[in-house]
Structures are given as C-alpha cells and as structure tokens.
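The values are calculated or read from the model by the stated rules, or taken from the named source; none is laboratory data. Please read all numbers here as calculations on a predicted model, not as lab measurements. Here the Cβ positions follow ideal geometry from the backbone for every residue, glycine too, while neighbour counts run over all protein chains shown.
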Amino acid sequence: MSYVDEVLARVKEKNASEPEFLQAVEEVLETLRPVIEANEEKYKKEALLERLVEPDRQIKFRVPWIDDKGQVQVNTGYRVQFNNAIGPYKGGLRLHPSVNIGIIKFLGFEQTLKNSLTGLPIGGGKGGSDFDPKGKSDREVMAFCQSFITELYKYIGADVDVPAGDIGTGAREIGYMYGQYKRITGRYEGVLTGKGLTFGGSLARTEATGYGLLYITRELMKCHGMDIKDKVCCVSGSGNVAIYATEKAQQMGAKVVTVSDSTGWVYDPEGIDLALLKEVKEVKRARLTEYAAARPSAQYHEGRGVWQIKCDIALPCATQNELLLEDAKQLVANGCTAVCEGANMPTTLEATKYLQDNGVLFICGKASNAGGVATSALEMSQNSERMSWTFEEVDAKLEQIMINIYHNIDDAAKRYGMEGNYVAGANIAGFEKVANAMIAQGIF
C-alpha cells in the first residue's frame, strides 16, 4: 500500500463522521500522489501527511447569550487552528446552523493550502458556530458575538490567530467581536480582519473575494485565447461573494443572468440589476422573491436550478457541494467553457471530474476564491504599519496576487505532467510551500 493510501485509510477510519473533511482530504491527497511518490521516503519518515491532515488544535466551547425575550440561548463555538508553518493561523468565522466540527476542519484544511497560494505569510485556521444571525435583532447578534469572543479571545491574537468573516459573519458581527476583544484585553491590534473602515478595516475587503474570482477567471480565459467580454455568466448565491463577482463581471463586460439564495433562484435574461440586488440583499436582508417582484424581466424559481441555464462561464458562489454531477452534465451539454469556484468546495468530486474530462476549464476554490483572505492579509499589513491604503492600491495588489496564483497553479500542473489540471496545480503549489516550511522547522 502506498503512503497516500495508508494515510487516507487512517483518516477515513479516524474521521468517519465528518464527510466534508474526508472529501477535502481525499481530493487533495489524490492529486498530490505524484509529488508524494517523488519524495515518499522522506515524507513518510517525517510523517508529513499525518501532520498535515491533523489540526494543531481544535477548540470547542459553549456560547450562552440572552435573546430579546430574556430567554438564555446556548450555541456551540469552534476554532480549529490547523497549520501555522508559514504564518499565524488565518481564516474566517462561519455563523450558520449547519456548522459542526467536520465542516470547520474541512474549511481549515482547505484554508491552509489556499493561504499558501496567496504568497503571503499566513497559516490556516477556521472557526464559527451553529448560531444563525438571520432573523435576529442587532442586540441579539451583539449578545452572541460578545459571548463568543469572551471565550475565543484566549486563543487568538495579531501574531497568533487572526479570524475573519465568512458566511453569516459580516462587518456588523466583526465589529461586535472586535469591540469585545478590545474590552477584555485592553489591546488595540489587528486581531480580526473585515473590520469597519473607521477602526482598522481595509478598503476593497468587502469586494475582494468576488473581484479576485473574476481576476483569475479573466486570466484563465486570456491564457486560453478568449475574452471575458460579452460572455454569459451564471452565478449561484447572493451573498457577499456572489454580489461582488457579479459587479466585477459586469465591469469587465460580461453578462450575469442568475443568482440564488437558500430558498430559490432568479434567472434574469436581461442581466442582473446589481443596484436592486444590493438593495434586497445588503440593505433589506430579504429573499430573492423581492428582487423578482421588483424586476419585470426576472423569473423566480423555488429550489435549485441555476446550472440548467445556458452560459459560457459558471461561478458557484454559494456553499459546499452545490454543483452536482447532473449539474455538471447540464453545463457541458450547454457548452459551458469555464467553471471557477467562488465558494469553498462547491463542486462535488464527481462533478469536478466530469467537467475536467469534458474539457471544461476548472479552477477550484482554494485558488479562485483566495482574494478574500489575501486582502485580509493586506489588512493585517496595514494594521501593523498603522497605515491605510487607497482602494486602488489594495485592488491593484489583489489583482496581481490572483494573476500570480493562476500562473503558479498552471506551472505546478505542468511540472508534474498534468497541464490544464488546475485542481492538481493548486494543491501541489499550496502543498509544496507548507511542506517545505514544516520540514525546515523540524517536528512540531
């Protein structure tokens, strides 16, 4: 049995109840086979893969808070500090009812390689809670966030672990968390990113993941002799990533015709009205039914179905495992050219393989959605310098980081005889840097 197979068998046995984590580890290790085989004796002796797939620590804690009726509520909080070989742990806090330790581990594992790809000195971590901010008052959200940080503050710091936003955690939540961290510690430091602009936040952070997704998509198209201008794009999701991916796609001259949320999706053949989408989702925090009601050209559908619409480029920006094998078949049948992931692992392994086997250009999330964490690291730099860069400065750095990521993953795939396999390229390029740092620092 090969070293990769040994480690995979052990991980499956040990983490049988964590399907998302197992999926992420299997996807990464399978594509790393040629790299591992070339260094098998060395990596096996140092148990490099075992150390890579086992988090440095997993923190789980109770989060009690009081709702507006005076009732005490209790949620579970998590922080998984996965790997700090190349820098302090860095990764978002997800607030969603689906959150459990397996999902947080999967995200932290992916984050380790994603952060490595940015070229910036940041390690991988992830956290969150099964708390749902939807339908809660500002006071209730504040009560939860303050209780959450009252426990988490012991484990984080500007040079230790720097959490950020994720699903359910926006500027409001980060603000409440930062205020509580400052209140408890008495320290004003860059410990959380995604902060408001008045207290250490970075311009372009809100837009970064969506913008970065389009920068790497444009570079992919350009390097294959195509222009993104006038292409039809299907976007899933209607949160931060989807909104700003839509905005940048429209700025580049592409036409975005779909968005979705947890209850349904919209097809707008005239192109998504960005101002209306922002009003519905960012101001009113309402459902897409309101978008459709206000937009005569929009067709609203219950459930899922974004990927049945004919498009040139598909940008899944909602959540994990949202693009299934039948969706991939539909995209191929409709002549889709490229799929670039805005969410974390939104495409199943079967769907990814089908897209690749049928000639669709495919870039996985750890490369294509790295713009958000890259800009978070730029926020950390600004905090350390006590400086604030202009939007244009941050955006220019973001664009160059995303272009560099594309060429790094392209080169890595070519080096191992897998030209055009950007999943393998992303895993290899991310892994090599982390592995070399782990070996150089000894057993820890």
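A few notes on this one:
- Out of ASP68, ASP132, sole residue that is charged (D, E, K, R), free of Cβ contacts under 8 Å to residues at least 40 places away in the same chain, in the same structural domain as VAL160 (by TED's automatic domain parsing) and not in a strand (DSSP E or B): ASP132
- Candidates are the residues of region 119-147 that are under 24 Å from the mean Cα position of the chain (by Cα), charged (D, E, K, R) and surrounded by fewer than 24 Cβ atoms within 10 Å (Cβ to Cβ); the one that is farthest from VAL160 (Cα to Cα) is LYS134.
- Residues that are under 19 Å from the mean Cα position of the chain (by Cα) and over 21 Å from GLY91 (Cα atoms), drawn from region 370-399: none
- Residue identified as over 24 Å from the mean Cα position of the chain (by Cα) and of a type outside the set (Gly, Ala, Ser) among ASP327, ASP312, ASP268, ASP261: ASP268
- Count - residues of region 332-358 that are outside any helix (DSSP H, G or I), under 21 Å from the mean Cα position of the chain (by Cα) and buried (at least 21 other Cβ atoms within 10 Å of the Cβ): 10
- Matching option when the condition is under 29 Å from ILE409 (Cα atoms) and not aromatic (Phe, Trp, Tyr), among VAL99, VAL74, VAL25, VAL63: VAL25
- Residues of region 38-64 classified as in contact with an Asp or Glu (Cβ under 8 Å, 6 or more places away or on another chain) and loosely packed, with under 15 Cβ neighbours inside 10 Å, total: 1
- Every pair of residues 6+ apart whose Cβ atoms lie under 6 Å, when the first sits in region 400-415 and is in a helix (DSSP H, G or I) while the second is surrounded by fewer than 16 Cβ atoms within 10 Å (Cβ to Cβ): ALA413/GLU419
- Being aliphatic (A, V, I, L, M) and in contact with a helix residue (DSSP H, G or I) (Cβ under 7 Å, 6 or more places away or on another chain) holds for only one residue in ILE149, ILE104, ILE156, and it is ILE149.
- Within region 211-236, the set of residues being out of contact with any Leu (no Cβ under 9 Å at 6 or more places or on another chain), within 15 Å of SER368 (Cβ to Cβ) and in contact (Cβ under 8 Å) with a residue 40 or more places away in the chain comprises ILE216, GLU219, CYS223.
- Among the residues of region 237-256, those identified as closer than 24 Å to ASP410 by Cβ and either crowded, with 20+ Cβ neighbours inside 10 Å or touching a residue at least 40 places away in the same chain (Cβ under 8 Å) (or both) are VAL241, ALA245, LYS248, ALA249, ALA254.
- Breaking point among (1) over 22 Å from LYS229 (Cβ atoms); (2) buried (at least 24 other Cβ atoms within 10 Å of the Cβ), for LYS329: (2)
- Matching residues in region 359-376 - criterion: being assigned to a helix (DSSP H, G or I) and either within 10 Å of SER202 (Cβ to Cβ) or without any contact (Cβ under 8 Å) to a residue 60 or more places away in the chain (or both): THR375, SER376
- Tallying residues that are of a type in the set (S, T, N, Q) and buried (at least 24 other Cβ atoms within 10 Å of the Cβ) within region 372-389 yields 2.
- Where strands (runs of 3 or more DSSP E) fall entirely within region 263-331, those with at least 3 residues that are within 28 Å of LYS353 (Cβ to Cβ) and in contact (Cβ under 8 Å) with a residue 60 or more places away in the chain are at 313-316.
- Residues satisfying the stated conditions in region 71-90, i.e. among the hydrophobic types (A, V, I, L, M, F, W, C), touching a residue at least 12 places away in the same chain (Cβ under 8 Å) and surrounded by fewer than 16 Cβ atoms within 10 Å (Cβ to Cβ): VAL74
- Residue in region 200-229 that is surrounded by the most Cβ atoms within 10 Å (Cβ to Cβ), counting only those that are hydrophobic (A, V, I, L, M, F, W, C) and out of contact with any helix residue (DSSP H, G or I) (no Cβ under 7 Å at 6 or more places or on another chain): MET221
- Here GLY253 fulfils each of the conditions (1) assigned to a helix (DSSP H, G or I); (2) touching a Lys or Arg at 6+ places or on another chain (Cβ under 8 Å); (3) of a type outside the set (D, E, K, R) apart from (1).
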